[in-house]
1. List the helices (runs of 4 or more DSSP H) that sit entirely inside the chain and contain at least 2 residues that are touching a Lys or Arg at 6+ places or on another chain (Cβ under 8 Å).
2. Determine which member of the set 28, 59 is within 11 Å of the chain's Cα centre (by Cα) and either at pLDDT below 90 or not charged (D, E, K, R) (or both).
3. Could you grab me the full set of residues in segment 62-84 that are at pLDDT 90 or above and more than 25 Å from the chain's Cα centre (by Cα)?
Amino acid sequence: MKFLKAVVPNLCIALWLALLTLAILDVYNPMMGFLKGKPFLVLLFLCAAASITSAVMLYRSWRRAQRRKHRKQQVAAPSREDAL
């Protein structure tokens, strides 16, 4: 899991930079057709999949941290019944 946490965000950034490069090249030379065909669709799908995976992993780790924080607060704070 630690491997995926390290690799997926970097893969996402690299794929989006590659897509940005293709978009810029297509603006300057539209006759090459960089944004047409199967290779572009595959790159777009990989970018979307990596982004969604990265977002899910980030949200899951945030939720776990919030749960741990909440549990620590419950354990640390004495209840009113204990004080009586």
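1. Details: elements: 2-28, 38-76, 80-83.
Where helices (runs of 4 or more DSSP H) fall fully within the chain and carry at least 2 residues being touching a Lys or Arg at 6+ places or on another chain (Cβ under 8 Å), they are 38-76.
2. Working: 28 fails: within 11 Å of the chain's Cα centre (by Cα).
One residue alone meets the criteria, 59.
3. none
Okay, residues lined up against (1) of a type outside the set (Asp, Glu); (2) surrounded by 10 or more Cβ atoms within 10 Å (Cβ to Cβ); (3) touching an Asp or Glu at 6+ places or on another chain (Cβ under 9 Å):
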| site | (1), (2), (3) |
| --- | --- |
| 26 | no, yes, no |
| 55 | yes, yes, no |
| 63 | yes, yes, no |
| 73 | yes, no, no |
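The values are calculated or read from the model by the stated rules, or taken from the named source; none is laboratory data. Keep in mind that what you see is a predicted model, and the values were worked out from it rather than measured. Cβ: placed from backbone, ideal geometry, glycine included. Neighbour counts: every protein chain shown.
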